[in-house]
Amino acid sequence: MSEQPRRPRKPGKPYRRPQKDPVRILAFEALRAVDERDAYANLVLPPLLRKAREKEGPENFDARDAALATELVYGTLRRQGTYDAIIADCVDRPLREVDPPVLDVLGLGVHQLLGTRIPSHAAVSATVELARVVLGDGRAKFVNAVLRKVARDDLDGWLERVAPPYDEDPEDHLAVVHSHPRWVVSALWDSLGGGRAGIEELLAADNERPEVTLVARPGRATADELLGEEAAVPGRWSPYAVRLSEGGEPGAVDAVRENRAGVQDEGSQLVALALANAPLDGPDRRWLDGCAGPGGKAALLGALAAERGAFLLASEKQPHRAGLVAKALDGNPGPYQVIAADGTRPAWRPGGFDRVLVDVPCTGLGALRRRPEARWRRRPEDLDGFAPLQRGLLRGALEAVRVGGVVGYATCSPHLAETRAVVADVLKQHPGTELIDARPLLPGVPDLGEGPDVQLWPHLHGTDAMYLALIRRTA
């Protein structure tokens, strides 16, 4: 299928101006920002939604419009791999030769056809109208022709056509069906172990819309207070967690606006709680968060430390992220300090802390529900870039903790190269250390494996795929 050149209108045929649809124009602008600027949808969408409400007015852009725009953006990004395979079957050229803005419009159209309950005729006509506005009449005809081909079958029918049989190529089959790059499927399968059922459940969970989870910061708010909010239900595992069901808006919660509570995945809360509750030998007065940005874990640790009269030092290398940490900790009831410092070149004396957390930079493969574009942005070679930093930060944490103290190594990636491989390599160089069984420190949480480290999973725990290893310094 080729793009049709723009043809002159027939004599006497009136020209119809394309109708602007603010919802779909907003979704298109968000996808372009993700593609052109490597932006993240969760950062791009809120200002675009505010701008649309201000421009169109609440009567022309309401909560339902915002919900549809959000679904179009996230749904298109999550299923991009599947939709690209379907679009490729409907055009007569490699996708790399189709202009990216055209692909974005096609992706939005295919998602409406195959991933929503919007009627086919409405999905096609609305997308073609969008194409007329943002691409022009000529390319709108190309979009129309492709979408009419897509509309001839449903998603299951298309998957039978474009996905290789599982028995012939399991990883490629799963990559197309569940819209993940093949290398990510392979890495997650290795980390998860087991057979087909587990990896299918995990990949499917990555494509589900995650709930918004709040944390009540101890001493400043309670879960019971947050449960008084509309659409609020208790968390599954953390005593400080409250989930907002669909439609719940964190910014409407008084405790969030007042910084007494925050938005924080329950897996992230569990990591902070496990470190805070790990058994110590000796005093418990000085805590360190060595990779504190953007501040969620630091705020929870600071509140827990305050309850015990302990001091928290929150360190973040990037000054602008250190500013976010300071904002998250603002109003913390106990003593704390935020600094901009490199955890691999510590600005503190060795052995000065009782508890140390390093939630290291990583590929983010454990948070693909929240940042679906990351799966298309990351490459296997990124692991080599993170490896020295992850090891350096863990070594710095072990040097910062005193004998008898505890270090928590955490990462929002289940990739074995970022989890167990890092811990094993560093501990070989630090013989005066031992792994603590972290599982008892996550009471009530099932399916935590053989230990002593812990790997959480979206499909098993409803959390991001957080990893945690707890290490005691013994000499």
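Going by the conditions given, is LYS55 surrounded by fewer than 17 Cβ atoms within 10 Å (Cβ to Cβ), touching a Phe, Trp or Tyr at 6+ places or on another chain (Cβ under 9 Å) and over 22 Å from HIS173 (Cβ atoms)?
When the stated conditions are applied, LYS55 passes them.
If ASP354 satisfies every condition in (1) open to solvent by 20 Å² or more (accessible area, probe 1.4 Å); (2) of a type in the set (D, E, K, R); (3) over 24 Å from the mean Cα position of the chain (by Cα) but one, which is the exception?
(1)
Yes or no, residue by residue, for (1) over 18 Å from the mean Cα position of the chain (by Cα); (2) free of Cβ contacts under 8 Å to residues at least 60 places away in the same chain:
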position	(1), (2)
ASN42	no, no
ALA69	yes, yes
VAL73	no, yes
THR76	no, yes
ALA85	yes, no
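For residues that are surrounded by fewer than 17 Cβ atoms within 10 Å (Cβ to Cβ) and of a type in the set (Gly, Ala, Ser), scanning just the stretch 274-322, find the one that is nearest to ARG472 (Cα to Cα).
That would be GLY282.
Could you list, in sequence order, all residues of the stretch 276-285 that are touching a Lys or Arg at 6+ places or on another chain (Cβ under 9 Å) and assigned to a helix (DSSP H, G or I)?
Answer for the stretch 276-285, where residues must be touching a Lys or Arg at 6+ places or on another chain (Cβ under 9 Å) and assigned to a helix (DSSP H, G or I): just ALA276.
Out of curiosity, is LEU301 at pLDDT 95 or above, within 20 Å of ASP265 (Cα to Cα), in contact with a strand residue (DSSP E or B) (Cβ under 9 Å, 6 or more places away or on another chain) and assigned to a strand (DSSP E or B)?
no
Is there any pair linking a residue in the stretch 272-296 that is at positive phi to one that is surrounded by 22 or more Cβ atoms within 10 Å (Cβ to Cβ) and not aromatic (Phe, Trp, Tyr), with Cβ under 7 Å and at least six apart or on different chains, and which?
GLY295/VAL325; GLY295/ALA328; GLY295/LEU329
Being without any contact (Cβ under 8 Å) to a residue 24 or more places away in the chain and over 24 Å from GLN318 (Cβ atoms): is that true of PRO443 here?
Taking the combined requirement at face value, the residue satisfies it.
Failed condition for ASP254, given (1) closer than 24 Å to LEU470 by Cα; (2) open to solvent by 50 Å² or more (accessible area, probe 1.4 Å), with all others met?
(1)
Of the residues LEU398, LEU416, LEU435, LEU441, only one is in contact with a strand residue (DSSP E or B) (Cβ under 9 Å, 6 or more places away or on another chain), surrounded by fewer than 18 Cβ atoms within 10 Å (Cβ to Cβ) and not small (Gly, Ala, Ser); which?
On the way: LEU398 fails: surrounded by fewer than 18 Cβ atoms within 10 Å (Cβ to Cβ); LEU416 fails: in contact with a strand residue (DSSP E or B) (Cβ under 9 Å, 6 or more places away or on another chain); LEU441 fails: surrounded by fewer than 18 Cβ atoms within 10 Å (Cβ to Cβ).
One residue alone meets the criteria, LEU435.
Is there a residue being in contact with a Ser or Thr (Cβ under 9 Å, 6 or more places away or on another chain), in a loop (DSSP other than H, G, I, E, B) and under 25 Å from ARG371 (Cα atoms) anywhere in the stretch 260-275?
yes
Quick one: which helices (runs of 4 or more DSSP H) lie wholly within the stretch 61-166 and hold at least 1 residues that are closer than 21 Å to GLU29 by Cβ and open to solvent by 10 Å² or more (accessible area, probe 1.4 Å)? I'd like the intermediate steps shown before the answer.
Values: elements: 63-78, 80-88, 100-114, 120-134, 137-150, 155-162.
Ranges flagged: 63-78, 80-88, 100-114, 120-134, 137-150.
For the condition acidic (Asp, Glu), in contact with a Leu (Cβ under 9 Å, 6 or more places away or on another chain) and farther than 30 Å from LEU244 by Cβ, what is the one hit in ASP437, ASP382?
The conditions single out ASP437.
If LEU389 passes every condition in (1) surrounded by 24 or more Cβ atoms within 10 Å (Cβ to Cβ); (2) within 26 Å of the chain's Cα centre (by Cα); (3) not hydroxyl-bearing (Ser, Thr, Tyr) but one, which one does it miss?
It is condition (1) that LEU389 fails.
Among the residues of the stretch 446-473, which ones are of a type in the set (D, E, K, R) and touching a residue at least 24 places away in the same chain (Cβ under 8 Å)?
Answer for the stretch 446-473, where residues must be of a type in the set (D, E, K, R) and touching a residue at least 24 places away in the same chain (Cβ under 8 Å): ASP453, ASP464, ARG472, ARG473.
Consider only pairs whose beta carbons are under 7 Å apart and that are at least six residues apart or on different chains; among these, list those whose first residue lies in the stretch 143-156 and is touching a residue at least 24 places away in the same chain (Cβ under 8 Å) and whose second residue is surrounded by 17 or more Cβ atoms within 10 Å (Cβ to Cβ) and not in a helix (DSSP H, G or I).
Listed pairs, sorted by first residue: VAL146/CYS90; VAL146/VAL91; LYS149/CYS90; VAL150/CYS90.
Considering only residues that are in a loop (DSSP other than H, G, I, E, B), open to solvent by less than 60 Å² (accessible area, probe 1.4 Å) and in contact with a strand residue (DSSP E or B) (Cβ under 8 Å, 6 or more places away or on another chain), which ones fall in the stretch 446-475?
Answer for the stretch 446-475, where residues must be in a loop (DSSP other than H, G, I, E, B), open to solvent by less than 60 Å² (accessible area, probe 1.4 Å) and in contact with a strand residue (DSSP E or B) (Cβ under 8 Å, 6 or more places away or on another chain): LEU448, GLY449, PRO452, ASP453, LEU456, ALA465, MET466.
Going by the structure shown, is PRO361 crowded, with 21+ Cβ neighbours inside 10 Å, in contact (Cβ under 8 Å) with a residue 60 or more places away in the chain, under 23 Å from the mean Cα position of the chain (by Cα) and under 18 Å from ALA465 (Cα atoms)?
Answer is no for this residue.
Tell me the residue from VAL403, VAL407 that is crowded, with 21+ Cβ neighbours inside 10 Å and of a type in the set (Val, Ile, Thr), please.
When all the criteria are applied, what remains is VAL407.
Taking the condition of being assigned to a helix (DSSP H, G or I), touching a Lys or Arg at 6+ places or on another chain (Cβ under 9 Å) and not β-branched (Val, Ile, Thr), how many residues in the stretch 19-60 meet it?
Matching residues across the stretch 19-60 total 4.
State which residue pairs qualify: first residue modelled with pLDDT of 95 or more and inside the stretch 160-183, second residue acidic (Asp, Glu) and in a loop (DSSP other than H, G, I, E, B) in any location, beta carbons under 8 Å apart, and separation of 6 or more residues or different chains.
What qualifies is ARG161/ASP89; ARG161/ASP153; VAL162/ASP89.
Is one or more of the residues making up the stretch 398-413 farther than 22 Å from ASP437 by Cβ and touching a helix residue (DSSP H, G or I) at 6+ places or on another chain (Cβ under 8 Å)?
No: zero hits.
Among the residues of the stretch 194-216, what is the count of those that are modelled with pLDDT of 95 or more and either open to solvent by less than 10 Å² (accessible area, probe 1.4 Å) or touching a Gly at 6+ places or on another chain (Cβ under 7 Å) (or both)?
Residues in the stretch 194-216 being modelled with pLDDT of 95 or more and either open to solvent by less than 10 Å² (accessible area, probe 1.4 Å) or touching a Gly at 6+ places or on another chain (Cβ under 7 Å) (or both): 9 in total.
The values are calculated or read from the model by the stated rules, or taken from the named source; none is laboratory data. Here the structure is a predicted model, which is why all the values come from computation and not from measurement. Here Cβ is always computed from backbone atoms with ideal geometry, including for glycine, and neighbour counts include all displayed protein chains. Ligands, DNA and RNA are stripped out before the accessible areas are found, and what is left, the full protein with its side chains, is counted by its heavy atoms. Shrake-Rupley method; radii C 1.70, N 1.55, O 1.52, S 1.80 Å.
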